[in-house]
Every structure is written in C-alpha cells, then in structure tokens.
Amino acid sequence: MLLPLPFEGVVAVAQDNRNQLSTYQSGWPWARERFGRFEIGHEAEGGPITDELRAIWNKMPDEAERAADIVVVGGGLSGVAAAVASARRGLQVVLVEETHMVGGQATAAGVSSFDVTTFYDRMINDHGIWGEYVSRLLDLYEGELSRPLNVTHYRDDSIGPNVSGAERVLTEMLRESGVVTLRNTQVTGVIRNGATVGGVKTQAGPITAKVTIDATETGELLSLGGVPHRIGRLESDGLMTWPRAVAFAPIQDITRTLVVREYPDGVPDELVLKEPPRGYGRTSLSFARAMPKLGVPLVDPMLRLGPLGFAAYRAAPDLSRRQVHTGAEWQRVTRTCLNYMNDFPVTTAYLTSPEERQEADAMAFEKTLCVLFYMQQELGLNWSVATDEGFADGPRSFNPHIDEKYREFERHSPLIPYIRESRRVIGAGTLVGKEIWRDRNHGEAPWHKDTIAVGTYPPDLHGGRQAGDLEKETLGETLEDKPKSWREGPFSIPMHSLIPKWVDGFLVAEKNISVSRIASGAIRLHPTVTAIGEAAGVLAAIAVKTNRSSREVLPVEVQLELANGGALITQLAVASIGRDSEDFAPVTLALARERVDSQIRRPANAEPEIEVDIECARDVGGKMSAYLHSRWENFGWKRKG
C-alpha cells in the first residue's frame, strides 16, 4: 500500500488515458539525480533473459551428501542477501530454493515493482547489499537494455524492474560471490542434534552446516525443525499440532499476482477469459469502482484516472515493445504486475495445512482472474498475462485445485503467492509495535543500540487487524500500538530478533524474525528484508569464523562488520560521508552505539541526515574497531581489509 499522493489535473470523469499525461513529478530533487533520462521517442534494445539464464533455471541438482559452513533455505531477497554476505567473508555457502527463480516476492511472487519509502532514498538505496542491487539494476536497464527503471508507482522516483531483470541481477550476485545455489530443490526436514540444528534434508540429499538460516517465505524450517515460533496471535513450542479450534486465527492476506501486458494487435485466443471465473459476481462491483469505464464519474479521484488506473501501481518495462516511459507518465504503461483489488484473506491454517494452502492459493488465483476478466470483458482492454517473464521457462508445478481450462494462465503466472505474514521465531528478544512507534509521518522511532537493520515502513496489516487478532495475552499488544494514520520513518531491528530463544546453530531472516503481528506489517518491504538477510549472513559468518555460537557474538561485532561492507547501521544516512569512505565504518559504528553526540538535520523538502563531528566519531569508532579486530584475531579470525 502506498501513501496517497497529490496529483495535478485529477478530473471527475475517466478520460482517454492514452492522450492525457500526468504532470506529477517527484517532490524530492535527489530522485531525479539517481535515474538516467531518456528522450521522447527513445527505443529500447531488448530483454534481460539469456540462454545462460534459462539453463540455470532448468538445472536440477544431483543427489548427493553436501557439507557447508552455512546453509540458507529460501532464495528470496533476504536469503540471497544472507548467502552473499556470508560467502563474501570466505565461507562455504549453499543456498536452497524450491523454485527455479531466486528473489522471492520480487521475482517468483511477481512483485518486482519495489516498495520503497522514497523519502529516504539515500538512506535506503545507497547502502548495503540492497544499494548494490539497485545500482546493478540501473546498470543493466540504463546500459545494456537501454530502458528506464523508474517506471512504476505513478511517479518518477520509483524502481520497477521486470521479474526476469531482477532475477538475472540476483543470479549474477550469487555466482560472483561463490554461493552454491540449488534451485528446484525442496527441503524435507531439518537435521537436529538435541538443541542444535546441524543442517537440512532435501530432495537432492542432506546438507550439513554449522549454521542454518531460515529465509523461506513461510518460516517453513521453524515447523520442520521443531523451533518454537509464533503463528498469527498464537504460539507453538515447535512440536505440537494445532488443534482445529485455533486453526482459523487470521493472518495477513495473500495475493496471487499476474504480470499482464497490453496486446495492441489483440489478445491471443488462448489468453482470453470467455466466461467469468468463480466468485466474479461477488467482486465485480468493487472492480467497477476502482477501474470505471470511460465517461463514468469517479467515486474517489485518488483511485487514479479511469480504466488504466490499475496499470502503474506496479508497472514494469514492457519487454514486448521498444517504446519507453517513466512512472510519472503512467497512462503510457503497457505492462504491470496485477496486485490490485485481489488480496485474498487467509488464516493460520494457510501456514499449517498444505492442503488448505493449495486450496487458498487456487481461490486467490481465481480472484485475480476475476480482475482480468473485468478488464477484458467489461472494459474491453486488450490486456492479458505476459508470457515472456520466465515463469514458464523452468520447471514448475500446477495446482490441482485450479481448473485445467486456466492452464495457460497458470503456466505464465508467478511461481508462488505474495505472502505477507509467515511463522515468526520466538527469539532472544521480540520487536513489538511500541518499539517501532513514530509520533508523526517522517518521524523516527526510539533508537536501539543493538540495531543490525533499519526499516522505514508503517505497520501496514493487510488483514488480521481486529483487536482479537493481536497478541494481547503474550506480548501485551493492542490496537493502540498501531497508528491510525500513515507514519513512515526509521525504526530499529535489533539483533536479538534474529536469534531463537532456545535453539543453537539456527538463525532466521525474511519475515521469520521475532516480531509481533503489528511489527510484522512493517518489515516485509523489499529493502528491509534484504537488510535483515545481510545481517543474518554477517552474524552467521562471524560465528563460524570465530568458532562461537551465534548467541555468543556481540551485536557491536555484527554492526562493525556490516559497516565494513557498506551497510547502514545508523538511524539515517550520515551527512558528508558515504559507504565508500574509509571513515564510514568507524563513524557509523560510533553513532550506532551512541558513543558520540549528533543531531538530525531536516532541510526543507529534502531527506533528513545525521550531522556529527566526523573527526571525533572517526577517532571513537576507530578505537572500537581496533579492539574488535584484535578480539577476532584472538578467536582465530584475521579479518582482511
């Protein structure tokens, strides 16, 4: 969900969208500096899928016994970041992903249009593995593909790659870092020795490891490994089977997205929905309100202008065309991720019952087809599922609950649903709503000295947001802990939320960290889960390099090593210093640990920054850094660089 933005030229009646361009431009001047400019009439060069990428997608791993320092399960953004962060520090890392694509919500789930709080552009996009990812995407699109990347969210400060482009960059990062990636591989069990996890069992054989990281989209290893966790408002000791009486606690909605595009010469017959899918009668009125026909008065002008208002919400470059556009020219959009009016409610049974998960996925898929049917048959739009994003270019399974008449749509649909809420570990500490509370929009939550990742999103709960759905009994959380208005701004994610309370040899990433349900609504954004994964990978690497358990590693050690890699460990970006500066690590370490005085500078219409005496912070942080490096040497790790 995006904060509504003011638009110039909003009209009361839907117009011919192809002939009317939005005049909206970003209010933040730095956004226009990040992206290249393409002249009107510029033509793009091609798409990101290569024969080599298709070969990687179709590779099936040989069955064998494997050993690694670290095994990461789940190849989403968080899992990739964890694997890359560990491997770059000299560890042997195996990444296991059940689909043929890495990237999770950004690729396999189809949500490649990034959710980023654009007010904090430099803070988010100039640091850590996420910042590298954005830079590589810009190089790919503005270089080789000769296409703009800022094409989405109705604005020109957006980041919206294709699924295939996002996947290609992540694949390159894994390969260059030396990560062994097992795609098309399902995990079937967890190797445990008492209270210690020692790896996983997979369809391609067992993998033993010193540290196992659960970066799955659903917290699957928490269940397979018997690790105590939360699920909805409930708690599990990791071993019990949920009684049916509590199987229906609400969690956040899922969405079965579709990548769709315009077919200017007409939609191929096999991609036309000729009959309304199941449930269409219950949903068509809401579609008509959000996507009115030409000439129909708009109920709410903020629902964008007319029948094409849906398209720019998660727009992507149209690989079938050479013409280009930016997000501000949203009426020119001809390809998008259909993540609009198609959320589907689920309960905890979605996470605990494979059969109920399949059934819910099928019903969510049909709801999305209802949106597409409305577009095709009610609005008369020549739009349908895109067939060139790579979903059909590797092994995939088909849901037995989806009618075979929709097989072509399913074949080219995302490989997994967009899942907003997973199982969450019961950690050494739990991040709750009070700790991410911001008194106003663009305010800051209280700082935690043990922060290893920083989020910026509000607690945006899609479903399960009634008083009885929260963890009042176990965490003391109520609706009073969730702001009634939109409030984005930096909040701390402490290291203890990544570490299980009782189990060793095991860490969590993605949405599986120790958070309350309210806090879980704020951590799922693309850059936030990437930062969480990077922190988990660094923590695991330090533990292995120094022959300690993860819970014996100090937060300040992880903070220093994150900063050594250019990751953000401060509440905001620091004025006059970037991640490439030799002063970055000591200065930000001193700030993170609150060892020096600082203040926040808030220029008008510009991103806030931390101001600090650089020389003083460098001296304080340098002494801390020297001590920690000597500590690592005592444990047998001589950190290079």
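The values are calculated or read from the model by the stated rules, or taken from the named source; none is laboratory data. Note that the structure is a prediction, hence the values are computed from the model and not measured. In this analysis, Cβ positions are derived from the backbone assuming ideal geometry, glycine residues included, and neighbour counts consider all displayed protein chains. The protein model used for the area step is the full one, side chains on, heavy atoms only, and it has no ligands, DNA or RNA in it. Shrake-Rupley method; radii C 1.70, N 1.55, O 1.52, S 1.80 Å.
Quick notes on this structure:
- Where the chain is the region considered: accessible area per residue in Å², 1.4 Å probe: 37 Å²
- Value of relative contact order over segment 254-419, rounded to a whole percent, pairs C-alpha under 8 Å and six or more apart: 39 percent
- Computed magnitude of the charge dipole of segment 453-522 (debye, nearest 20; Cβ of K, R +1, Cβ of D, E -1): 120 debye
- Rolling a 1.4 Å probe over the protein heavy atoms leaves PHE38 with an accessible area of roughly 60 Å².
- Under the convention that each Lys and Arg Cβ holds +1 and each Asp and Glu Cβ holds -1, the size of the dipole of the chain around its Cα centre is about 900 debye.
- For LYS482, the accessible area of its heavy atoms, probed at 1.4 Å with every protein chain present, is near 50 square angstrom.
- Positive-end extreme of charge dipole, segment 571-640 - chosen from LEU589, GLN599, ILE577 (charges on Cβ): LEU589
- Restricting attention to the chain, close to 65% of DSSP beta bridges with both partner residues there are antiparallel.
- Formal net charge of residues neighbouring GLY75 (Cβ-Cβ distance under 12 Å; K, R +1; D, E -1): -4
- Option label - Rg/Rh (Cα atoms, Kirkwood Rh) computed here, alternatives (1) 1.00; (2) 0.95; (3) 1.08: (2)
- Taking the protein heavy atoms of the chain in the context of the full set of protein chains, the accessible area attributed to carbon and sulfur is 49 percent at 1.4 Å.
- Computed [θ] at 222 nm, helices only, for the chain once each DSSP H run of length n ≥ 4 contributes -39500 (n - 2.57): -8000 deg cm²/dmol
- Kyte-Doolittle mean at least 1.0, axial Cα span of 18 Å or more - DSSP H helices of the chain: 526-545
- For the listed residue pairs LYS210/LYS449; LYS59/LYS638; LYS210/LYS638; LYS484/LYS511; LYS367/LYS484, the alpha carbons are over 25 angstrom apart in LYS210/LYS449; LYS59/LYS638; LYS367/LYS484.
- Pairwise centroid distance, computed over Cα atoms, of segment 557-613 with segment 165-205, Å: 33 Å
- The chain: relative contact order in percent, alpha carbon pairs under 8 Å with at least 6 residues between: 19 percent
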